[in-house]
1. List pairs: first in segment 79-103 and over 20 Å from GLU164 (Cα atoms) and of a type in the set (S, T, N, Q), second open to solvent by 10 Å² or more (accessible area, probe 1.4 Å) and part of a helix (DSSP H, G or I), Cβ under 9 Å, 6+ apart or cross-chain?
2. Among the residues of segment 36-65 satisfying the criterion of being free of Cβ contacts under 8 Å to residues at least 24 places away in the same chain and of a type in the set (Asp, Glu), which is farthest from LYS101 (Cα to Cα)?
3. On the basis of being surrounded by 15 or more Cβ atoms within 10 Å (Cβ to Cβ) and either among the hydrophobic types (A, V, I, L, M, F, W, C) or at positive phi (or both), does PHE30 make the cut?
4. Evaluate the following for LEU144: is it assigned to a loop (DSSP other than H, G, I, E, B), open to solvent by less than 90 Å² (accessible area, probe 1.4 Å) and among the hydrophobic types (A, V, I, L, M, F, W, C)?
5. Would you pick out the residues in segment 171-212 that are aliphatic (A, V, I, L, M), in a loop (DSSP other than H, G, I, E, B) and modelled with pLDDT under 95?
6. Looking at CYS31, is it under 20 Å from LEU134 (Cα atoms) and touching a strand residue (DSSP E or B) at 6+ places or on another chain (Cβ under 6 Å)?
7. Please work out which residue is farthest from SER39 (Cα to Cα), limiting yourself to segment 54-73 and to residues that are of a type outside the set (A, V, I, L, M) and buried (at least 20 other Cβ atoms within 10 Å of the Cβ).
Amino acid sequence: MKVIFLAYREWAIEVYEAIRKNPKLSKITFCKTQDELKSLNIEDYNLLITCGTSEKLGNTVLSRIEVIGVHCAELDRYSYGSPIQNQIIDGIVFSKHRIFKLTFDENSDRAHAHACLFSHEVDLDLSGNMKEILFQMTATSIVLFNMYLHDFPDITWKSWPKEEVKRERRVPNDSRLSKEQFMKMNTEQLYNFFRSLEEPYPNGYIEDEVGRLYIKNTEFKKK
C-alpha cells in the first residue's frame, strides 16, 4: 500500500511515527499542510489518512483518493467541531474513537463534511486532564489505523444515527466564563469547563474590570 499521512498536531505526529512502520505499507508520505498535500500526485497513492486535522478537504482531493480520519465522539451532535471540549463540558466521561470516511458534501456544516460512516471503533476515556486525554488519543489512533490497514481493502462501513441536536465548533471567545455563568455552575462543572481548555487549547478564564484570571491546570476530588 502507498499512503499519505496528513497531520500537524503534536499528538497526531506521534501517530505517524508508529503507523509508518506498518508492514503493509510500501510507501508513506507525511504532509503537515494541504499545500504539501496538493503538491503530490495523489493518484499514485491508495489512501489518504488524516489525523487530528480540522480543515475541510475540498472535492479536488476527495474525488481522487479514498480518505479516512479519526473522530472522537459517539453521538452525531459532536460532528460539527470541538468534539473533545464539547463532550467534556457536557459531562460525558466515556465515548468512542472511530475511523470515519471523508466524503464531499458542499451543503454539510459538519466538520470534514463526512457522511457518518465508520468502520472501526474503540472506547475513549474522557476523564482526567487534557494531557492524559491527548496521550490516549495518540494510542487509540495508532490502534485504529493499524486495524484499518490490516483489514484493507475489505472494509465494512457502518453508519451512526443522525441527530437534530448539534454542538457548534468552539471559538477562542468561548473560553471566557462570565461571573453569571460561574455562579450557576457546581465545582464539577467548573472542573470540566477548565480542564477541557487546558493546553494546547485556548485556556479558560474569568474576567472582571481588573483583568483576566486564566486557569491552566485543574484538579478535582468528588465528595
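The values are calculated or read from the model by the stated rules, or taken from the named source; none is laboratory data. Predicted model only: the values in this text are computed from it and were never measured. Don't worry about glycine lacking a Cβ; one is built from the backbone with ideal geometry, like all the others, and counts go over all protein chains shown. All accessible areas refer to the heavy atoms of the entire protein, side chains included, with ligands and DNA or RNA removed. Shrake-Rupley method; radii C 1.70, N 1.55, O 1.52, S 1.80 Å.
1. Qualifying pairs under 9 Å: THR103/LEU62; THR103/HIS112.
2. GLU36
3. Numbers: surrounded by 15 or more Cβ atoms within 10 Å (Cβ to Cβ): yes; either among the hydrophobic types (A, V, I, L, M, F, W, C) or at positive phi (or both): yes.
Considered against the rule, which asks whether it is surrounded by 15 or more Cβ atoms within 10 Å (Cβ to Cβ) and either among the hydrophobic types (A, V, I, L, M, F, W, C) or at positive phi (or both), PHE30 comes out as yes.
4. Answer is no for this residue.
5. VAL171, VAL210
6. no
7. CYS72
Residues checked against (1) within 15 Å of the chain's Cα centre (by Cα); (2) at pLDDT below 95; (3) β-branched (Val, Ile, Thr):
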{"position": "LEU75", "(1), (2), (3)": "yes, yes, no"}
{"position": "GLN85", "(1), (2), (3)": "yes, no, no"}
{"position": "ILE88", "(1), (2), (3)": "yes, no, yes"}
{"position": "LYS96", "(1), (2), (3)": "yes, no, no"}
{"position": "GLY128", "(1), (2), (3)": "no, yes, no"}
{"position": "PRO153", "(1), (2), (3)": "no, yes, no"}
